[in-house]
1. Can you find a residue in the stretch 145-160 that is out of contact with any helix residue (DSSP H, G or I) (no Cβ under 7 Å at 6 or more places or on another chain), surrounded by fewer than 22 Cβ atoms within 10 Å (Cβ to Cβ) and assigned to a loop (DSSP other than H, G, I, E, B)?
2. Taking residue 81 as the residue in question, decide whether it is within 15 Å of residue 305 (Cα to Cα), surrounded by fewer than 22 Cβ atoms within 10 Å (Cβ to Cβ) and in contact (Cβ under 8 Å) with a residue 12 or more places away in the chain.
3. State all residues of the stretch 283-310 that are under 22 Å from residue 90 (Cα atoms), crowded, with 24+ Cβ neighbours inside 10 Å and under 12 Å from the mean Cα position of the chain (by Cα); if no residue qualifies, say none.
4. Starting from residues that are under 17 Å from residue 306 (Cα atoms) and out of contact with any helix residue (DSSP H, G or I) (no Cβ under 7 Å at 6 or more places or on another chain), keep the ones in the stretch 1-20 and report whichever is surrounded by the fewest Cβ atoms within 10 Å (Cβ to Cβ).
5. Go through the stretch 188-213 residue by residue and tally those that are more than 21 Å from residue 300 (Cβ to Cβ), surrounded by 14 or more Cβ atoms within 10 Å (Cβ to Cβ) and modelled with pLDDT of 95 or more.
6. Where in the stretch 182-297 are the helices (runs of 4 or more DSSP H), entirely inside, with at least 3 residues that are farther than 30 Å from residue 320 by Cα?
7. How many residues are at pLDDT below 85 and assigned to a loop (DSSP other than H, G, I, E, B) if we restrict to the stretch 35-77?
8. Can you tell me how many residues within the stretch 78-90 are more than 16 Å from the chain's Cα centre (by Cα) and part of a strand (DSSP E or B)?
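The values are calculated or read from the model by the stated rules, or taken from the named source; none is laboratory data. Treat the numbers as computed from the prediction; the structure is a model and nothing was measured. In this analysis, Cβ positions are derived from the backbone assuming ideal geometry, glycine residues included, and neighbour counts consider all displayed protein chains.
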């Protein structure tokens with residue numbers, strides 16, 4: 001019988017064993033070449049590393065590391081309120097599991113559908129919600145993310161690769177049937193070569209394509225993988241409910257800026273007309289608060305959730321998200337941020 005972890009460090013130890021040669025669950029996950037994911041990735045299947053030289057992966061972590069807080073210690077004592085609503089779903093805190101996929105191929109560490117179920121259940125048990133992804137061995141007939149959605153009574157959000165419009169519509173119909181909270185397309189997955197090699201081609205999507213999908217579904221629509229203010233505005237004009245600011249964890253194009261660098265520009269462009277999520281380099285609740293202060297409404301966690309799920313299933317995911325929630329509350333307390341509405345640029349240090 002497998003050990004039941006009682007701490008997050010035990011979860012990480014279990015993940016290190018199961019992901020040997022792929023990820024060592026380092027205390028600092030930053031894409032540097034001293035990390036096994038990046039050292040072993042160049043010229044090979046990408047695994048958990050970044051594309052090319054890993055510059056985009058590192059840009060995400062470096063952009064967040066360069067942001068500092070104003071520490072506020074005077075005032076009335078308070079308990080930070082992290083509660084929020086995301087697309088009509090009440091959450092304990094604005095952190096969701098990102099739309100990762102493919103964990104089964106990491107040393108066959110666990111069955112893919114079970115991986116997806118673990119993420120969805122662990123997220124719900126922590127008081128939040130999970131997104132689920134799409135990859136080359138997922139098919140319309142056997143789609144682990146949708147299988148997991150069905151098993152979890154639709155409590156989650158599937159994000160599909162930018163497949164043909166006809167295939168996407170069939171997947172969206174299944175998501176609607178299972179009662180999912182929203183649907184979306186991983187627009188930054190358009191450059192995936194492995195999908196095409198496996199007979200599941202992906203495509204760049206036009207504004208008309210997005211408009212067509214928005215009209216097709218009754219569910220809120222998420223456009224994921226936006227890094228330019230102008231493209232964010234086009235998505236808003238097309239009717240999407242959520243723009244996910246993301247460079248795919250630095251895994252699709254080398255040498256992009258970090259997400260934390262472009263996020264304020266995108267928020268300035270679109271104003272409050274759309275929900276913004278952000279992911280990329282987020283490891284702690286401190287990073288979450290930085291993203292919120294820069295303009296995000298919610299923050300997504302990717303690699304850490306993979307490690308947690310591989311390490312200890314839904315319990316691992318729950319423990320990790322609870323840890324992030326705890327550090328978010330501490331960050332809010334020490335910056336005088338009583339609730340999420342107060343999480344803005346005023347809590348960030350500015351030398352000018």
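1. Among the residues of the stretch 145-160, at least one is out of contact with any helix residue (DSSP H, G or I) (no Cβ under 7 Å at 6 or more places or on another chain), surrounded by fewer than 22 Cβ atoms within 10 Å (Cβ to Cβ) and assigned to a loop (DSSP other than H, G, I, E, B), which makes the answer yes.
2. Spelling it out, it is not the case that residue 81 is within 15 Å of residue 305 (Cα to Cα), surrounded by fewer than 22 Cβ atoms within 10 Å (Cβ to Cβ) and in contact (Cβ under 8 Å) with a residue 12 or more places away in the chain.
3. 288, 298, 299, 300, 301, 305
4. My answer is 7.
5. 4
6. 193-197, 207-216, 229-237, 259-270
7. So the answer is 8.
8. Looking only at that region, the number is 5.
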